[in-house]
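Structure first, then comments.
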Amino acid sequence: MSILSSGIDDFIAPPCLEEIDILFQDEHILLINKPSGLLSLSGKNPINKDSVHFRMRDKFPEITLAHRLDLGTSGIMILALNKTVNANLCRQFQHRSMQKTYISELMGHLKENVGTIDAPIAKDPENFPVLKICEVTGKAAQSHFQVIARLLNPKRTRVLFTPLTGRTHQLRIHSLAIGHPILGCDLYNSENSTQLAPRLLLHAASLEFDHPSTGERIVAHCPCPF
């Protein structure tokens with residue numbers, strides 16, 4: 001992926017034929033299951049028009065995204081149906097009261113059953129859009145992991161991630177940092193992990209938050225497709 005001199009992103013996302021599943025809907029929010037391979041927001045390149053926002057705004061014109069998932073990541077997203085709700089959800093993300101878990105499969109077998117990866121993440125101006133770990137310029141980033149299973153053919157570890165911070169590409173960068181990149185990752189891939197999986201094996205499995213209208217604590221789940 002690169003940026004042309006005209007300022008238009010020359011990355012072209014492949015077509016996504018999967019539908020968006022609505023997991024929950026009321027007058028304030030939508031909870032959806034985003035398929036892998038669909039942008040959260042339409043890209044700068046006009047070819048990349050298809051996205052969660054583009055598809056959903058036809059039925060819900062005021063809809064906004066309080067957060068995003070990467071193109072290859074599938075799973076649960078929360079969408080606001082008006083600006084007031086969006087502001088509430090954004091505050092929950094900023095204050096870290098919005099809690100998320102992800103299921104992923106990593107290359108190789110992790111030695112520890114549980115642990116926390118603590119490594120600051122910074123921009124890499126020479127290698128956009130790839131980010132890097134940097135103790136000097138990086139922003140604090142922590143990811144807790146718990147092993148679900150150690151599998152074979154290929155040798156891999158299924159884990160439950162709980163990101164304690166919300167940096168871009170955090171789980172992909174942290175997985176690579178401990179020597180176990182996520183299978184199917186095309187950006188942070190030390191051993192051709194894209195050859196071992198048809199997609200990025202990272203799925204947003206749950207989202208816990210306060211309902212922006214009632215204040216009720218909600219724990220929502222989204223089944224993992226792999």
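The values are calculated or read from the model by the stated rules, or taken from the named source; none is laboratory data. Predicted model only: the values in this text are computed from it and were never measured. A quick note on method: Cβ atoms are made from the backbone with ideal geometry, for glycine too, and the neighbour counts reach across all protein chains shown.
Worth a mention:
- Qualifying residue in the range 94-112 (condition: closer than 20 Å to Arg57 by Cα and not in a loop (DSSP other than H, G, I, E, B)): no
- Hits in the range 186-212 - residues which are buried (at least 21 other Cβ atoms within 10 Å of the Cβ), modelled with pLDDT of 95 or more and either over 15 Å from Ile76 (Cα atoms) or within 13 Å of the chain's Cα centre (by Cα) (or both): Leu200, Leu201, Leu202, His203, Ala204, Leu207, Pro212
- When Val85 is tested against (1) of a type in the set (A, V, I, L, M); (2) exposed (fewer than 13 other Cβ atoms within 10 Å of the Cβ); (3) not in a loop (DSSP other than H, G, I, E, B), exactly one condition is not met: (2).
- Top-ranked residue in the range 24-39 [being in a strand (DSSP E or B) and over 18 Å from Val85 (Cα atoms); ranked as farthest from the chain's Cα centre (by Cα)]: Asn33
- Within the range 211-223, one or more residues are touching a Leu at 6+ places or on another chain (Cβ under 7 Å) and over 29 Å from Pro129 (Cα atoms).
- Residues that are β-branched (Val, Ile, Thr), at pLDDT 95 or above and not in a strand (DSSP E or B), drawn from the range 40-77: Val52, Ile63, Thr73
- With respect to the conditions (1) exposed (fewer than 14 other Cβ atoms within 10 Å of the Cβ); (2) assigned to a loop (DSSP other than H, G, I, E, B), Ala149 lacks only one, and its number is (2).
- Residue check, Leu131 modelled with pLDDT of 95 or more and closer than 19 Å to Gly75 by Cβ: no
- Of the strands (runs of 3 or more DSSP E) that lie entirely inside the range 155-226, those containing 2 or more residues that are touching a Gly at 6+ places or on another chain (Cβ under 9 Å) span 156-163, 202-210.
- Restricting the range 40-51 to residues that are of a type outside the set (D, E, K, R) and over 17 Å from the mean Cα position of the chain (by Cα), the residue that is surrounded by the most Cβ atoms within 10 Å (Cβ to Cβ) is Asn48.
- Yes/no for Thr101 being of a type in the set (S, T, N, Q) and surrounded by fewer than 15 Cβ atoms within 10 Å (Cβ to Cβ): no
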